[in-house]
Amino acid sequence: MAMELGFDPGALLRLKALHKAGIVLGILGAIAAGYWQFFFKDLQESIDTLNREVAQQEETIHSRQMMLKQLPALRKELAELKLQEAEAARKLPSKKEIPALLTDISNAGHEQGLTFLLFAPKPELPADIHAEVPVEMQIQGAWHETALFMQAIARMPRIVTINDILMTPDKQGALLTTAKATTYRFLDADELAASAQKKAKAKAAAKPADKPKKDE
């Protein structure tokens, strides 16, 4: 018994070659469209995703390779910074060394024969990681001895600066010198913690308060 195909195969065979070719191309196009829709499209999307992941991994690898190349220079820079920090710590007195340093400054003036009319340490001025320790001075003596005193301070192993220098002759013919000597010290761990807490509170207080919502 012949199967009902829904069309006449003989009519298809009687078509011209051009029409037959068109039908064949249409069938092939439908097959290709189905292949694209159900297989190749998903495959292409998977390939694109993998390509993106590979590109990201290559970028990460390149960045890490650059970091590895820079690592020796960074280690050298870190070592130099640690040496500078150690040198600064050596030149800056600690909190407990300040009284002895002030005594050394006073002794340097007495060794030159100067008379201290005023030697008054002032309150410390804390900064980020250090504190300034100012001392108001008024000394009396000859110009040459005063200059030697200034040189002795500059040659001290600890950092001491002399500022606000004012020299005037007095009635006895000597030189009256007013100046401010300043040394510096690192803040200790407790002082650093207290300073950070103080800054945090100041920052929080500086934030504008939320405006109250108006009743609708």
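The values are calculated or read from the model by the stated rules, or taken from the named source; none is laboratory data. Note that the coordinates shown come from a computational prediction; the quantities given were computed from them, not determined experimentally. Using ideal geometry, Cβ is built from the backbone for each residue, glycine included, and neighbour counts are taken over all protein chains shown.
A search for C-beta distances below 9 Å between a residue of region 158-172 that is outside the structural domain of Pro99 (by TED's automatic domain parsing) and of a type in the set (Asp, Glu) and any residue that is modelled with pLDDT of 90 or more and not in a strand (DSSP E or B), counting only pairs 6+ apart in sequence or on different chains, returns nothing. For region 88-98, check the following and say yes or no: at least one residue is exposed (fewer than 10 other Cβ atoms within 10 Å of the Cβ), in a helix (DSSP H, G or I) and not hydroxyl-bearing (Ser, Thr, Tyr). Scanning region 88-98, I find at least one residue that is exposed (fewer than 10 other Cβ atoms within 10 Å of the Cβ), in a helix (DSSP H, G or I) and not hydroxyl-bearing (Ser, Thr, Tyr), so the answer is yes.
Which residues, counting only those in region 163-174, are among the aliphatic types (A, V, I, L, M) and at pLDDT 90 or above? Scanning region 163-174 gives Ile165, Leu166, Met167. Of all residues in region 119-148, which are surrounded by fewer than 15 Cβ atoms within 10 Å (Cβ to Cβ), in contact (Cβ under 8 Å) with a residue 24 or more places away in the chain and part of a strand (DSSP E or B)? Hit for region 119-148 is Glu136, nothing else.
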